Every structure is written in C-alpha cells, then in structure tokens.
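Scroll down for the structure; my scribbles are underneath it.
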Amino acid sequence: MPTRYDVSGVPPQGGYIAKQCPVRAQLDILQPVEPRPTSPVLQRRFDRGNEFEAAIVSSLIAAHANAVVIEGEDSEIRERATTDAMGAGAPLILNARLPTDLSGRRVGKPDLLVLARDGGYRAVDIKHHMALDDPSSTPARTSPLDRPALEEAGEDVEGGARRHRGDLLQLAHYQCMLETADLAARDGRFAGIIGVERRIVWYDLDALLWRTPSSTGKQKMRSTMEVYDFEFDFRLDIMAVAARHQEESTVELLVTPFRKSECDDCPWWDWCRPQLKEGPGHPSLVPRMTWPQWEVHRDHGVTDRAELASLDPLTARLIAAGVDLVSLLPEARGLPSSARLSELSVLARRHMQRRTLEAEGINTAGRIASLDARTALYSGTGMGALPEQIDRARAALGSEPVYRRRGIERVHVPRADVEVDVDMENVEDGVYLWGALADGSYEPFVTWESLTPESEAEVFGEFWRWLMDLRATTHEAGRTFRAYCWHEQAENSQMRRIAVHNRTTEAVEAFIASQEWVDLRKVFDEHLITGGGSGLKLVAPLAGFSWSVDEPGGGESMVRYDLAVAGDRPAREWLLKYNRGDVQAAHALRTWMTEAAVSAPDIDQVRSAVRPSA
C-alpha cells in the first residue's frame, strides 16, 4: 500500500486537481517563480466554455419552470441553498455547491444536479466539447435537456459516449461528495456530461474503462471511481508534503518535473522546462511516456535519456514479448554456455518464450547469459514500450534528425496515378473546413457561418461528393487512386460522425477500410523514428517544408476561427493558407519518404552518444 500523509492542513480541493499534472499540484503550493500569463488560446477556451455553459443553463431554465437556480457568490450561503433544494426534492438544481467534505478535503460545484426517480441526486457537468464519439463505438445512453433524468435516457443512434478522462474524474469527485453527504442516487453510480451535442451523455462510474498499472507489473482494468480515488489522494499527499517542505526544506518533495501534453498551457512551465531539458534530457521528453512508466525507470536508476539509451534493445524486446529473464538468467549462468534451450528447466513448459528466444537468434544458455543484466531487471514490470523508448532516446541523442527503424531497408509509401491530400479543421462544435490538394490544386470546402449539425453536414457533403466523383472518374479512366491524411484517427472519427447525418455511413466505412485511404503518419511511424513526436508540424521540416502563415497550429487556428466567423477576412485567409499548408506538407512528406528517406541511417547504428550500461 502507498504511504499516506497527514492531509488535514490541505484546503478542500475541487475535482479538477485529480485530472491535472501532479507536479502542478505541488508547484501551486510552492509558487517557485512568477506564473506564466494565460495564453490567448487558453483564454479563448475559458471564454467559450463559459459562454457555452451560460447558453445551456438558459435553455434549461426556459425548459424547466421548477428548476432551482443557486444564486450568489458566498460559498456557505450557496451550500445551504443547495442542501435546502435537495431536501425539498427539487427535480433540477443549477449552479449547485455541494456541502464541503472536510474529512475528504473536497469542495464541489456541479453544473447540474438531477433528481433520481427513487430519490437522491446525480451530478451533470457542462463541457464545451463533443461528448459523443463516432458511431463505431458502443452506443451511448443519452437524455434530452427537456427530460434530463437518467430514467428518460435511451440509446443514442449518433454515437458512443466519449471517454474523456478528465471529465469523468470530475464527475467521480461529485459522486464522492454526494455519497459522503448521503445525497446520492441509490441505484448505481451514474453521472452525465452535456457536450456541444446539447444532450446529457450518461456514464457508469463503476464501469471498468481504464487500463492502469498494477503492483504485479501487469495492466489492470479499473473503474473511474477507482482511478479517481487514487489520483485525488495522491495529489492531496503531494500538496501536504509540499506545505511541509516550505516549512522545513529537508522534507523531500514527492514529485519532480515531468513532460506532459498539458505543459505548454501550465503556468509553471518556465520552472519545469529548463530542468527537463538539462544535460541529456529527462526520460519524459521521449514521446508517449506515461507517469507510471517514468516511475519504473526512476526505480531502476534511469533518470535521463542517455541512461535510457544505454539499455540493450535486444534484452528489452525479450522483456516486451513476455520472456521471464529474472528466472532465466540465473539458471543460464549456472549451465555450460553451449547448453541448448531444451536443457533449461525454466523453459520446460514455456513454449512461447522459447520460440521468442529462438526468433531473436538466442539458442544457448551462453547467449542468454550474455544479455544485458541492467536491462533484464525490467522483466516483469509491464514495460512493453521499453524497446521503443530506448530507440527514441537514441534518436534524440544521435546526430541525425531522423533514422530508419530496425530492419527497415527501404521506406514503402503506397502511391497511385491520382493522389489527393486531405486535412480537416475543426473547433469544439464540429468541422468547418475540409481541404484537399489534387494535382497541385488546392480545393477548400468551408463554411464561415456558426456551425450547426446541418451546416457541418452540408460542407462535408460537398467535400465527399467531390472526392467520390474524382475517385470514380479515375477508376473509369483505368487509373489508380489514393487519398492521404496525416493521422487518420482525427479524420475518420469526424467522417463517421457526420456520415450519420448525411446517410453515407456505409460508403464512408467502405472507403476508410479500403487501400485507397492512407494514413501517412502510420507509414512514417512504421518506417522511421525521431527523438520527438511524429505530428505533422514536427516532421514536415524533414522534407524542407514550412508554413506560409505565422504561428501555425491548432490552437491558433481556433482563435482565428472566432474572428473568421465574425467576418474578419484576414482571419479567413489565414485559415485557408494554414489548411493549404497542411495538405502541402503531407504531399511534401510523401515525396520525401518515397525518394529521400531511405538515406536516413539505421537507428541500430546510433552508439556514439550512448553511455555504456552500468
């Protein structure tokens, strides 16, 4: 069991800390530097979120004459008013503030409280993003805003419930507070999100949704409530120890800086960044490394990218494949080096492990004994990503910007007679622009009106008809056709979702499944590796490409989109140039991968920057 600390001095916290970086929770206490000001992109997110919430609340008030709206700024008055409304059995309570949970160190302000048929309440939050995924997932249970109760919910034909981890952890926070106050609904732990679809998407907080590490080193499925309990308690401990550290500097802090996707928007990034980038760089600079994986590295004495790069890739591949090196190595070292694998008792009934060893050219006890002992200590830790992390660390420290993956002799890019590059631009309400590049000509399909399901479907319909017409004409001429995107998950989910409105689901699914729809990022990742990510903006410079607009990026495009909808012509021109740059970048990378990427060195050759293993 993890060590627990005295958290009685930590002020009661909202649910947001459970979803934030644990280092931020610590730095919010320490305040080590002047925090960075809120960026325009982040401020826009706050502003649009507040506007959306106000619009939904107005709609709910208009639809429910018996709704109770909790007014005022005073916390105690709002808590009493909320408790009184719940005691009176109000069917819908807006702008609520739940009774402070001093023992659990919790405060909570759910946007809605909805009365359950058998008594007690369920929490609902309003979020300015989509709450539904594409229809290929399990259908969601949703209820309309004029009949918000879970008992009124039915299967949604338009999509499945989006698993937004932060949203669900916040709902779990409210559920804990309702249960502590004995005010929760009795029949299950359900809570809801109102997204831009403007209906309540319901979630079972006890459903096993999240794959998490376990004490055995293997992965375990856990519920939102279980994940929340750990994450919230962990951050309370972090804050308690940070407060003690302020009083007595010899008290060791619980966490150190760690690179995450949210870092760029964090007020403390100027404090963490130089520490993470010092020397060979922190292991978390390796893309897609998780906090539990970093803890495994730290526990094995690997605290920078050079130490990570010094681990042995072969030994790591065996670990990732499930070979039990902890048991194998001692026996192998006690046998003659020429002993065959059949002579090792550990492998007597482990046929898969034996085949894995043989596939790697390991046929004797001596060959097993020669494996890297330090890397072998990772055996049983569940580090399936270790080989990839070693190679990414080597790529980051190597002299070249990109390398061929192990075993890749040439980069194969599917090509065709007629090629189209596709990229879409979206905001919280949906997709407003589909851009395509065909034979050097850029074709934008766009609306500058405020997005509605109808206008979004109309724009997609124009794009889809154009693409399918070009495809049909190509086939009729006896030529081959392919369309390309960069990271198909984004385009696929949007196409599937909008296809429901356009009644083109079968055609869209068939196209996505065909060999004529190519994810260039997948092609890149299968053949090449860098020390950073493989996002389009990161790898386009490899092909010598740069955008013609200032500050190209998704965040800036959202800021410009608001101006474009308001009629700003320069903003509209910026967005079209930005989208055109995206499809041109994909075209440039496809050409580069076909013609020049083969000259990139093999990642296995990167040794000069690698520290010898201890």
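Some observations on this one:
- Nearby lysines by direct alpha-carbon distance to K19 (threshold 30 angstrom, same-chain neighbours under 8 apart not counted): K109, K127, K218, K220, K260, K277, K522, K537
- Within region 45-151, the trypsin sites (Lys or Arg not before Pro) that combine a DSSP coil assignment with at most 16 other C-beta atoms in a 10 angstrom radius are R117.
- Evaluating 6.51 cos²θ - 1.76 cosθ + 1.60 at θ = phi - 60° for every residue in region 594-606, the Karplus couplings come out as 5, 9, 10, 5, 4, 7, 5, x, 6, 4, 5, 7, 7 Hz, glycine and proline recorded as x.
- Residues S557, S441, sorted so that the one with the fewest Cβ neighbours within 10 Å comes first: S441, S557
- Given (1) 36, 28, 22; (2) 43, 27, 21; (3) 43, 37, 24, the label whose value is semi-axes √(5λ) of the Cα gyration tensor in Å derived from this model: (3)
- Label-point gap, in nm, between S599 and L42 - each point 7 angstrom along Cα→Cβ: 4.2
- Stretch gain in nm, segment S75-T256, where the contour uses 0.36 nm per residue and the Cα spacing is subtracted: 61.8 nm
- Neighbour-count ranking [beta-carbon atoms within 10 angstrom, fewest first] of F46, F52, F463: F46, F52, F463
- Other-chain or far-sequence residues with amide H under 5 Å of V420's (modelled H): R482, A483, Y484
- Computed over region 279-397, the range of Cα coordinates on each principal axis works out to 45, 23, 21 Å, biggest value leading.
Bear in mind that the values in this text are calculations on the coordinates, not laboratory data. All figures in this text were calculated on a predicted structure; none of them were measured in a lab. Reconstructed Cβ throughout: ideal geometry from the backbone, glycine too, with neighbour counts over all protein chains shown.
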